[in-house]
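The values are calculated or read from the model by the stated rules, or taken from the named source; none is laboratory data. Please read all numbers here as calculations on a predicted model, not as lab measurements. Heads up, the Cβs are rebuilt from the backbone with ideal geometry, glycines too, and the neighbour counts pull from every protein chain shown. These accessible areas exclude ligands, DNA and RNA; they are computed on the full protein's heavy atoms, side chains included. Shrake-Rupley method; radii C 1.70, N 1.55, O 1.52, S 1.80 Å.
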Amino acid sequence: MENRWDAAEAARHAGDIEQRIYSSRLIGQDQALVLHGGGNTSVKITAKDVFGADEDLLYIKGSGFDLQAISAAGFASVRTRHLVALSGLEHLSDIEMARQLRLATVDPAAPAPSVEAILHAVLPYRYADHAHADAVIALTNTPSGDAHVRAAYGDRVLLVPYVMPGFELSRVVARMVADELGAPARGLILAGHGLFSFGNTARESYDRLIDLVTIAEDYLKEHGAWDLSEPAGPDEPGGPAGIELAQLRSQLSGVAGVPLLLQRQDDPLARDFARRPDVAALSQRGPATPDHAIRTKRVPLVGRDVAAYARAYREYFERGAALHPAGADLRMLDPAPRVILDEQLGLCTAGRRAADAAAAAQIYHQTIEVILRAEALERWEALPAADIFAVEYWDLEQAKLRRQGDAPEFTGEVALVTGAASGIGRACAEGLARNGAAVCGVDIDPRVEEILPGPGYVGHTCDLRRDEEAEAAAEYAVSRFGGVDLLVLCAGIFPASARIEALDSADWKAAFAINVDADLTLLRRAYPYLRLAPGGGRVVVIASKNVPAPGPGAAAYSASKAALTQLARVAALEWGQQGIRVNILHPNAVFDTGIWTDEVIAARAAEYGISAADYRKRNVLGAEVTSADVAGLVAAMCGRLFSKVTGAQLPIDGGNERVI
């Protein structure tokens, strides 16, 4: 394994805490070590308390923080003496342990300390690093896992049998460290869970972590279990699968009881694994580590029989609940799979948020590598289902569920927004994303690809005037998120002002090409996906005040927007039986949009014989109407408030006398 320590860079991070942050980020940069909030790191420090006395503290990663980008805000300082005292107790519930960790935390505003804080505290070294290294798990998750570890490491590690994370693991490790930890030991191997390294400097602990993982990698290489096999079949993508993805997503959402996003990973490794004749046997043995089940569930769905998976999950829950101390008080998670292995689709992952689906994908991609190497070494073997259930339904995880508030309204839904690079389209993309939607923004302007950060947004540059590019835009949204629930048609142009006798045919045709024809193409292509939308498809068309009240010099714009309005009205009539709602907004005088250049405003003002400044204020309320105002109404029309409304036309113009 590559050692990423850079002495020059490390020298710029002076002090224990800065060194702790630096080496934590190094660990987080390697997916073969940790994924998505996994792993934890600590350093023991001494600081002054409020009375000026020295106090020993454990500076440890906060629960759920991502090591790759962690900062000081992601750590908590916990009183070491309290933690060590807790390790001496014979019993402590994990809920009470979490409470004690919070009580021992110096700053009440700090994040909740890692549940393994007690374990870190009892290690007799200043620095400690914990990772779920793939190579180590490939050794331990075999029938002869203990023997492989001893053969690979000798006395360089202390081997800890599997114990569920939390207080019990900390208690067991505290006793083993006191009784068995020898001077040659550089770390701990936790069966079915990962490893710890430790040292008296950040570099010593980090170097030991990399060395321990490298030993596991070398052992796998020596036993012919490192290099992954070449694809068994032709290395060909599964091909376009838009409707298959949308149908699968619809079934998953139905079983989950809420909309889910669906992402497809069609890379050669995932595709070949999904096509293996023994994929069911391998994948149904369980996850690489128990905590992965929180994001991936215990096993993936092989194929597309979602109902059968849900029945099996309910049976799994009933068996686990019967043995769980909470019993009937346990709250069953939804029974929909989060990982799907399909011969055509490859690896697909589902989640309420794009980040959840992406996390499941990365976790299972790493799991595939672990499975293949463990199988090549001996035989892939996960922990028993009861141990996985105990973590999936851990008291601490159930407590998180009870604390959860309502998700944003469009969580799990997919919005396709045209004209998203600027103006109303951009405001709609931003507003729907704030309300939980995964958004695909489309525009001819390449800036559309960068308007929002994070995995819940993708931008697609295309020319909607070309049918094939408009159709591809819809397919792109489906390929990234599994469907289209909300279609918001904002793209449009306002040709140069011209009276009819001077109107150029090219300007007329250009207006219709983008203001009507492109939307027809998108409506037609999106229809099968809108039909499959878990909450019913919704379309919002951005038309114009010029439909009910056209103005002189705007024939091409007014006529094209009127045609678009008629198209939307017919769609509302034709698609209502499929549960698809189609509504229309008529904005006016929204001047923070791309079509309202200073030149256009001046020309329109001249048509009315007024100044540009007065033209901007021409409404009954004397109110400024912004793109954000329009976006707010778009979100409302897509939401529950308008759930029984279709075919409606609403002005958003501050009140226009001619419309009124």
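Of Ile652, Ile584, all but one fail to be under 24 Å from Ala421 (Cβ atoms), in contact with a strand residue (DSSP E or B) (Cβ under 7 Å, 6 or more places away or on another chain), open to solvent by 20 Å² or more (accessible area, probe 1.4 Å) and not aromatic (Phe, Trp, Tyr); the exception is Ile652. Set side by side, the residues Val370, Val414, Val391 differ, and just one is more than 29 Å from Arg319 (Cα to Cα) and among the aliphatic types (A, V, I, L, M), which is Val414.
Screening the candidates Asp94, Asp107, Asp179 for the property of being farther than 22 Å from Ala216 by Cβ, touching a residue at least 60 places away in the same chain (Cβ under 8 Å) and either in contact with a His (Cβ under 9 Å, 6 or more places away or on another chain) or open to solvent by 20 Å² or more (accessible area, probe 1.4 Å) (or both) yields one hit, Asp94.
Residues that are open to solvent by 30 Å² or more (accessible area, probe 1.4 Å), polar (S, T, N, Q) and within 15 Å of Val539 (Cβ to Cβ): does segment 588-603 have at least one? No, segment 588-603 contains no residue that is open to solvent by 30 Å² or more (accessible area, probe 1.4 Å), polar (S, T, N, Q) and within 15 Å of Val539 (Cβ to Cβ). Residues that are closer than 29 Å to His324 by Cβ, open to solvent by 30 Å² or more (accessible area, probe 1.4 Å) and either in contact with a Leu (Cβ under 7 Å, 6 or more places away or on another chain) or without any contact (Cβ under 8 Å) to a residue 40 or more places away in the chain (or both) do not occur anywhere in segment 117-127.
Residues in segment 109-125 that are farther than 19 Å from Gly37 by Cβ and assigned to a loop (DSSP other than H, G, I, E, B): Ala109, Leu123, Pro124, Tyr125.
This table checks each residue for (1) in a helix (DSSP H, G or I); (2) closer than 30 Å to Asp49 by Cβ; (3) touching a strand residue (DSSP E or B) at 6+ places or on another chain (Cβ under 9 Å).
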{"position": "Arg99", "(1), (2), (3)": "yes, yes, no"}
{"position": "His130", "(1), (2), (3)": "no, yes, yes"}
{"position": "Val136", "(1), (2), (3)": "yes, no, yes"}
{"position": "Tyr153", "(1), (2), (3)": "yes, no, yes"}
{"position": "Leu158", "(1), (2), (3)": "no, no, yes"}
{"position": "Val163", "(1), (2), (3)": "no, no, yes"}
{"position": "Met176", "(1), (2), (3)": "yes, no, yes"}
{"position": "Asp179", "(1), (2), (3)": "yes, no, no"}
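Restricted to segment 169-201, and to residues there that are closer than 14 Å to Tyr127 by Cα and hydroxyl-bearing (Ser, Thr, Tyr), the residue that is nearest to the chain's Cα centre (by Cα) is Ser197.
Scanning segment 548-581 for residues that are in contact with a strand residue (DSSP E or B) (Cβ under 6 Å, 6 or more places away or on another chain) and either of a type in the set (Lys, Arg) or open to solvent by 40 Å² or more (accessible area, probe 1.4 Å) (or both) yields one hit, Arg581.
Selection within segment 11-31: residues that are in contact with an Asp or Glu (Cβ under 9 Å, 6 or more places away or on another chain) and surrounded by fewer than 18 Cβ atoms within 10 Å (Cβ to Cβ). The member of this set that is modelled with the highest pLDDT is Arg12. Counting only helices (runs of 4 or more DSSP H) that fall entirely inside segment 323-426 and contain at least 2 residues that are surrounded by fewer than 24 Cβ atoms within 10 Å (Cβ to Cβ) and polar (S, T, N, Q), the qualifying elements are 354-377. If only residues of segment 596-649 that are of a type in the set (Ser, Thr, Tyr) and in contact with a strand residue (DSSP E or B) (Cβ under 7 Å, 6 or more places away or on another chain) are counted, the one that is modelled with the lowest pLDDT is Thr626. Could you look through segment 556-595, keep only residues that are touching a Gly at 6+ places or on another chain (Cβ under 6 Å) and modelled with pLDDT under 90, and pick out the one that is nearest to Thr626 (Cα to Cα)? Checked segment 556-595; the qualifying residue nearest to Thr626 (Cα to Cα) is Thr593. Say whether the condition of being farther than 27 Å from Asp517 by Cα, modelled with pLDDT of 95 or more and of a type in the set (Phe, Trp, Tyr) is met by at least one residue in segment 408-425. Looking through segment 408-425, at least one residue is farther than 27 Å from Asp517 by Cα, modelled with pLDDT of 95 or more and of a type in the set (Phe, Trp, Tyr).
Out of the residues in segment 39-67 that are in a loop (DSSP other than H, G, I, E, B) and under 27 Å from His292 (Cβ atoms), which is least open to solvent (accessible area, probe 1.4 Å)? Across segment 39-67, the extreme among qualifying residues is Gly39. Every listed requirement among (1) modelled with pLDDT under 95; (2) closer than 21 Å to Ala138 by Cβ; (3) within 21 Å of the chain's Cα centre (by Cα) is met by Gln398 save one, (2).
Residues checked against (1) buried (at least 19 other Cβ atoms within 10 Å of the Cβ); (2) in contact with a strand residue (DSSP E or B) (Cβ under 6 Å, 6 or more places away or on another chain); (3) over 26 Å from Ala648 (Cα atoms):
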| site | (1), (2), (3) |
| --- | --- |
| Pro495 | yes, no, yes |
| Val516 | yes, no, no |
| Leu523 | yes, no, no |
| Ala526 | yes, yes, no |
| Leu532 | yes, no, no |
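Candidates in segment 427-482 are the residues that are more than 22 Å from the chain's Cα centre (by Cα) and of a type in the set (Asp, Glu); of these, the one that is most open to solvent (accessible area, probe 1.4 Å) is Glu468.
For segment 445-478, a tally of residues being farther than 23 Å from Ala350 by Cα, free of Cβ contacts under 8 Å to residues at least 24 places away in the same chain and assigned to a loop (DSSP other than H, G, I, E, B) returns 3.
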